[in-house]
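Please treat every number below as a calculation from the coordinates, not as lab data. Bear in mind the structure is a predicted one, so any value in this text is a computation, not a measurement. As a convention, Cβ positions derive from the backbone with ideal geometry for all residues, glycine included, and neighbour counts pool all protein chains shown.
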Amino acid sequence: MKTFETLIEAMRDLKTRGYENDFNLHPEWIECPSMSIMLKPTEFHVDEIYRFEGANNPDDSTVLFAIRASSGIKGILVDAYGVYADAMSPAMIRALTIDKNTLH
C-alpha cells in the first residue's frame, strides 16, 4: 500500500485510480450527492484506509476511505476520527472497518 504525506496527496492519487466520487457519511448510510444515491452498509466496501494527524493538534485528525459500491461506483469519504468523530450505527462502524479484503 502506498504512503502519503498529506491528505490532499492521497485524495489526488485515489482520484487518478478511479475513486472520482465524493461520499458523505451519515449514521446509517453514505451518500453521493452528485449522483443522488444513498448506500447502506451492505452496499459498499472499503478498499483502502489512510489516517492523517493534524500538524499542530492530534485531535485534528482525519481518515480517508477509498469506497467501492456493489454497483461499481468508486469514491472517497473523508471524516474526522477520535474525539470529534460522528456517531454511527453499529452496521456503519462494521462497514467502515478494515477486513481481510481491505488494504491497510
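Sorted on the mean count of surrounding Cβ atoms within 10 Å across their residues, most packed first, peptides 67-75, 90-98 read 67-75, 90-98. The trypsin sites (Lys or Arg not before Pro) of segment 1-47 that meet both conditions, a loop assignment by DSSP and at most 15 other Cβ atoms within 10 Å of the site Cβ, are Lys2, Arg17.
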